[in-house]
Amino acid sequence: MKITPSTIANSPRLTVIGTGYLGATHAAAMAELGFEVLGVDVDPDKIERLSRGVLPFHEPDLPELLTKHLSSGRLKFTTSIEEAGAFGDIHFIAVGTPQKEGEGGADMTYVDEAVSAIATSATHDCVIVGKSTVPVGSARRLQNLVESVKRPNVNISFAWNPEFLREGFAVQDTLQPDRLVVGADDDTAITALREVYAEAILRDTPFITTDFETAELVKVAANAFLATKISFINSFAEVTERVGGDIRTLADAIGHDARIGRKFLNAGVGFGGGCLPKDIRALQARVSELGLDRTMAFLHEVDNINLRRRERVIDVAHSLTNGVNKKKIAVLGTTFKPNSDDVRDSPALDIAARLYGQGADVRVYDPKGMENSAKRFPRLTYSESLEAALEGAELVLLLTEWQEFCEMDPVQIALLVDSKTIVDGRNVLNRTNWIDAGWDYHALGLKAVHAAEVALV
Ligand code: UDX
């Protein structure tokens with residue numbers, strides 16, 4: 001029997017299962033919207049910290065929201081799925097789908113476990129809403145799983161509602177999304193989610209209802225498109241590095257075409273993080289399972305172009321130092337992007353570790369990413385400040401565009417280093433200022449502009 005909208009409480013109580021970047025943000029944001037929310041995680045340490053208002057990762061504005069709603073009493077955390085099953089009317093699944101060890105596909109273990117656990121524990125009619133990024137076909141399979149494990153007297157409606165938040169803007173993206181997508185095959189879930197997202201809908205945020213498959217694909221299609229856009233401009237960077245030309249101007253010029261747009265055309269060390277790289281690999285793996293290998297073959301190249309950017313920086317570093325062995329190299333940035341402490345698949349940290357592996361004396365500094373970087377690569381030298389990293393450097397690599405690095409004064413910085421040679425791996429510095437201050441300025445997508453004698457090709 002399908003449940004009807006009237007069987008769901010008027011002001012539904014929400015649970016969010018999985019309290020990582022996605023789940024913790026969603027839970028706090030839903031409390032901000034006025035709902036009573038219970039965050040659930042199997043990690044007792046994480047739950048204990050969140051309950052004390054301590055966020056296990058860096059995300060602007062989220063600590064304030066967390067503290068606010070622990071105080072308001074609208075936000076609580078638990079490790080008990082039974083408690084969640086008794087409490088919630090709408091359960092959001094926000095656990096991770098990491099890349100499988102040694103394979104491209106997504107590991108669905110956590111999603112399967114979370115869905116199964118909450119469906120088993122639900123004591124009253126409810127809606128389960130998947131938010132995690134999953135291979136197409138998962139939602140329908142999980143809906144069947146729910147039906148097979150739920151209590152006989154409980155009706156559970158099922159929906160897929162992908163999340164598009166960006167790290168660093170997670171709170172803003174959750175409270176003011178640019179679109180809402182809901183895949184469902186009954187009205188109960190859609191009605192319930194209309195209530196959850198009423199504020200955004202009132203502001204005319206597009207609320208797109210569709211089937212499970214489209215909802216699942218919207219998410220991976222968006223990330224595949226963004227990754228393609230970045231690799232597209234980076235492939236042209238390979239060309240301008242060879243023949244001359246300026247990738248920034250090229251991007252600006254094509255970006256003025258409204259059909260193309262300037263966003264996500266910043267050439268540099270490429271994309272990383274917990275989403276783009278794994279999502280394009282999982283998509284390829286999924287379509288290959290479907291017998292459509294050639295359909296997404298271009299994503300393989302998107303990935304390759306992206307990974308080549310890292311090699312390029314390493315080649316340039318060798319060229320500028322006459323071999324990196326024992327050379328002091330300041331690496332500015334380890335996170336995959338600024339305003340985050342996330343180092344998953346980070347181009348910056350990968351480059352730092354590889355240079356270290358090749359004998360370089362790498363001095364790393366990142367405003368927020370030091371702890372996570374040190375967990376992954378404890379043997380790198382982590383400097384306590386930007387200045388300490390730059391002291392005596394024979395080469396400076398700017399690999400993550402933190403504000404602090406973008407605002408460096410080339411005249412002041414010159415006093416710290418041994419050799420005024422910099423590679424702007426994110427194309428963010430004002431070239432003229434750096435060249436005027438006597439620096440050998442190099443950028444990805446730009447032929448050597450100052451030290452013409454340095455062979456970059
Ligand atoms: C991404 C999607 O943007 C988001 O919608 C989805 O929900 C999760 O994945 P996120 O991983 O937070 O979000 O990072 P994003 O801002 O998309 O950047 C991804 C990577 O691309 C970063 O490493 C960034 O430095 C790089 N990037 C971005 C470029 O190299 N050039 C650009 O022009 C833009």
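Readers should treat all values here as calculations from the given coordinates under stated rules, not as data from a laboratory. Because the structure is a prediction, the values reported are computed rather than measured. Note that each Cβ is placed from the backbone with ideal geometry, even for glycine, and that neighbours are counted across all protein chains shown.
Values for this structure:
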quantity	calculated
Gyration tensor verdict on segment 5-210 (Cα atoms; rounded if a/c is under 1.5, prolate if a/b is larger than b/c, oblate otherwise)	rounded
Over 27 Å (Cα to Cα) - which of 229/375; 100/263; 368/447; 68/131; 68/368 fall in this group	229/375; 100/263; 368/447
Pairwise FRET efficiency - residue 43 versus residue 144, Cβ, R0 = 30 Å, nearest 0.05	0.60
Cβ-based exposure ranking for 431, 262, in which fewest neighbours within 10 Å come first	262, 431
Order by protection proxy (mean Cβ within 10 Å, highest first), peptides 108-120, 125-137, 17-29, 315-327	17-29, 125-137, 108-120, 315-327
Relative contact order (%) - criterion: Cα under 8 Å, at least six apart; region: the chain	12 percent
Segment 5-210, dipole about Cα centre (Lys/Arg Cβ +1, Asp/Glu Cβ -1), debye to the nearest 20	220 debye
Segment 211-457, relative contact order [Cα under 8 Å, separation at least 6], %	21 percent
Packing rank of 54-61, 189-196, where each peptide gets the mean count of other beta carbons within 10 Å, highest leading	189-196, 54-61
Reach of residue 46 by Cα under 16 Å, taken over aspartates and glutamates that are not fewer than 8 positions away in the same chain	59
Cβ crowding within 10 Å averaged over residues, with 83-95, 148-160, 413-425 ranked highest first	83-95, 413-425, 148-160
